Each structure stands twice: as structure tokens, then as C-alpha cells.
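For reference, the structure is listed below as C-alpha cells.
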Amino acid sequence: MADPQRRALAQPLLRALILLGAPGAGKGTQAREVARLYDVPHLSTGDMFREHVAKGTELGRRAKPIMESGKLVPDEIVLAMVEERVARKDCAAGFVLDGFPRTLPQAERLEEILACLPLRRALAVNLLVDDEAVVRRIAARRICNSCGAIYSAGEKMPRVEGKCDVCGGQVVQRPDDREDVVRQRLATYHEQTRPVTEFYRRRGQLLELDGSRDIASVQHELLALLARLHEQ
Ligand code: AP5
Ligand code: MG
């Protein structure tokens, strides 16, 4: 790891870092690693919903058909879940948001929630990857159905076939990763989530990264960008 990145990681995050980007842009992959390096929670609304679905909760029963159709879960459900999570003590030194906010009302409410927390100004980082590349990435993706670890037939597969390196859970394909659902998720993204990017751009809180490079290069760029912010 280069010096600027080491210096960045030597300081606490103390902010909400929001990863934006299309389905398959690499939000989860990068968010997990940055959260691990800064030792802050990784809050993925998609992972939270998948956990509810796996446990068969009422929330999970409501979210499942919506997720499998490639549409968005209603704002009030997502917001209640995020508000409860962000209020927990472990978020006090900052956190990494992945898959949230995804609509303008979610972004606006998040600003209100953050205004009550003693954190630096939130930063949104948009991972830029074109639609055809994400369709290819998602076709190759597998995840652990227990801890959510992310694998890829192209880049990184578990050492033992079908078995998660992290927790030994089963490595499977996500039910919403069928190509027809992925195309719908992309349409939903362009229609409902792109305005969120503009929301942060207008407020001077947006940075953009070329997400089409390999995982290590994107991570390097992301840490370099955080290092520059700490040094300002
Ligand atoms: P969610 O789980 O958030 O899905 P998504 O936004 O569609 O994003 P993905 O998880 O598909 O992609 P990613 O960007 O995390 O990519 P990853 O790192 O895995 O949401 C699922 C559903 O839940 C939604 O459709 C909605 O119904 C509901 N939902 C969730 N949040 C909501 C909200 N806020 N409001 C309303 N509804 C909500 O990478 C993809 C693959 O590429 C992997 O195989 C990975 O290994 C590989 N890869 C990653 N980076 C690279 C790279 N640089 N080069 C090559 N391969 C790479
Ligand atoms: Mg994800």
C-alpha cells in the first residue's frame, strides 16, 4: 500500500461514505474492503434485505418479490431500517453506505439523519461502469448466502468450490442476477437513482471514479481520493 493511503487509513473516517453506481458497478466489493480497512460498519441495504429474506421475516416477505422483479423496495421501509441501523453506537466513527440512498426522498432524509450526528460532511463516490460491462460482471457473480462475501468467476472464486473462504457458507447465484432482472435493475437505476448522483453533485459532495478497472486499481484510487480529502 502506498504512503498516502497509509496516511488516510491512519485517521478515523468520521463520515458517511456513500458508494453510488449501477448494479454490478462494484459498490459492495469496494465498500466491504474500505469499511474493513477503516474498521467502521459496512451498511448495505441489499444485504440487509437478503438477510430478512433468508430469515423469513415479515419485512423479508414484503421485499422478496420486489427485489426479484428488479424494482425498489418502498422508501418508508428502507428508511426505517437505515435509521435504526445508523443510530447504533458502532456508527459513531463513520460508516460506509452501499446501495443507499437510491431515490431523492432517501437522499433528502439521509441528510436530515446525518445532521443529527457528529460527523464530517458526507461524501458520495460514484463508480462509473458502462451497462454492458455490469451485465457481464453480474453474470459472473456468486455470493455467500451466509455472510454475503462477493466472488466472481472472472476475478476471484472461493478456494474450495461452492464454499465461502470467509465463513464456510454456501456460495450461490443471487436470485435477482438473472439477465432479464438485471436489465430491469439497470432501468430502475437510470430512472430513480441517477438523480441521486446529481443531488450530491449540486451540493459539491460528489466524486467520480472509473470503476471499470480491476478491483485492486479501483480500491487504490478510492483510498487515494480519501487520503487527499484528509489532507485538505
Ligand atoms: P443491492 O444488493 O444493493 O444490488 P445493486 O445495487 O443492484 O448492486 P449489486 O449488489 O448488484 O452490485 P454492486 O455494485 O454491489 O457490485 P459487486 O461489488 O457485487 O440491491 C438489491 C435489491 O434490493 C434492489 O434491486 C432493490 O430491490 C433492493 N434495495 C436495496 N437497497 C435499496 C434501497 N436503498 N431502496 C430501495 N430498494 C433497495 O460486484 C459485482 C460483480 O463484479 C462481483 O462478482 C464482483 O466480484 C465483480 N467486480 C466488482 N468490482 C470489479 C472490478 N473492478 N472488475 C471486475 N469485476 C468486479
Ligand atoms: Mg452489492
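What the table shows:
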item	result
Positive-pole candidate from Asn126, Gly154, Ala139, dipole of the range 119-167, charges at beta carbon	Asn126
P(r) of the range 14-98 over all Cα-Cα pairs, binned every 5 Å from zero, in whole percent	3, 14, 22, 24, 21, 13, 4, 0
Ranked by how many other beta carbons lie within 10 Å on average, peptides 222-230, 57-65 from highest	222-230, 57-65
In sequence order, calculated HN-Hα J values of the range 153-166 (Karplus, 6.51, -1.76, 1.60; Hz; x Gly/Pro)	4, x, 9, 7, 10, x, 5, 9, 3, x, 10, 5, 5, 7
Per-residue ³J(HN,Hα) for the range 21-37, Karplus 6.51 cos²θ - 1.76 cosθ + 1.60, θ = phi - 60°, Hz, x for Gly and Pro	x, 5, x, x, 6, x, 4, x, 4, 6, 4, 4, 6, 5, 5, 5, 5
Value in Å of the Kirkwood radius, where the range 70-227 supplies the Cα pairs that are averaged	17.6
Rounded Å value of the spacing that divides the Cα centres of the range 163-221 and the range 103-131	15
Candidates Ala133, Ala22, Ala124: whichever shows maximal mean-square fluctuation once the chain is modelled as a Gaussian network with Cα springs under 10 Å	Ala133
Test item: Cα-centred dipole of the chain, Lys/Arg +1 and Asp/Glu -1 on Cβ, debye	320
Distribution of pairwise C-alpha distances over the range 93-157, 5 Å bins, in %	3, 12, 16, 19, 15, 15, 13, 6, 1
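Read the figures in this text as sums done on the coordinates, not as results from a lab. All values derive from a computational prediction rather than experimental measurement. Cβ atoms come from the backbone with ideal geometry, glycine included; neighbour counts cover every protein chain shown.
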